[in-house]
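Working notes for the structure below.
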Amino acid sequence: MYERSTNQPDDDDGPFADRRVQLETTFGGAGKLTGDLSPECAAILQQVLDALAKPLGPEDLRTEGERNHDALQEALRRLIKSGLLPGSAGTDTRAMVVMPLSQLRQMPGACALENAWITARTGQPG
């Protein structure tokens, strides 16, 4: 609001540019998580906690904070187990292979694939 009132250009990349999450590893591998979440991120995290941090019954003596911790751990475990976690910072992994056509045609199964390709292209121009 201050920048708008002084007509100064906005140097950030939009609302909630100061969003951040920081994980500090402490002694013995434990961690301390701190952050400032955008409204969208906070709403999504709240949905996860609401779904996974419910008490497991009257015998569940964990505090709300302990249940939230366990819910976050469970959500992250499920994400990793699902295989949906990218292995390269969110970008698709690509490989470019350069080889002569003659070598490709000598590979096992190449003849059947080549015949299927020719059959599929029969009657097409070019």
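General observations
- Taking the convex hull of Cα positions in the stretch 36-91, its mean projected area over all directions (nm²): 5.1 nm²
- Estimated D of the stretch 81-126 in µm² per second, where Rh is the Kirkwood radius over Cα pairs and Stokes-Einstein applies at 25 °C, 0.890 mPa s: 172 µm²/s
- Cut-off 15 Å between beta-carbons: net charge of the residues surrounding Ala30, Lys and Arg +1, Asp and Glu -1: -2
- Each residue, Asp60 and Thr93, gets one label point 7 Å from its Cα in the Cβ direction; the gap between the two is 3.7 nm.
None of the figures in this text is laboratory data; all of them are computed from the coordinates on show. On a predicted model such as this, the values are computed, not experimentally measured, just so you know. Cβ atoms come from the backbone with ideal geometry, glycine included; neighbour counts cover every protein chain shown.
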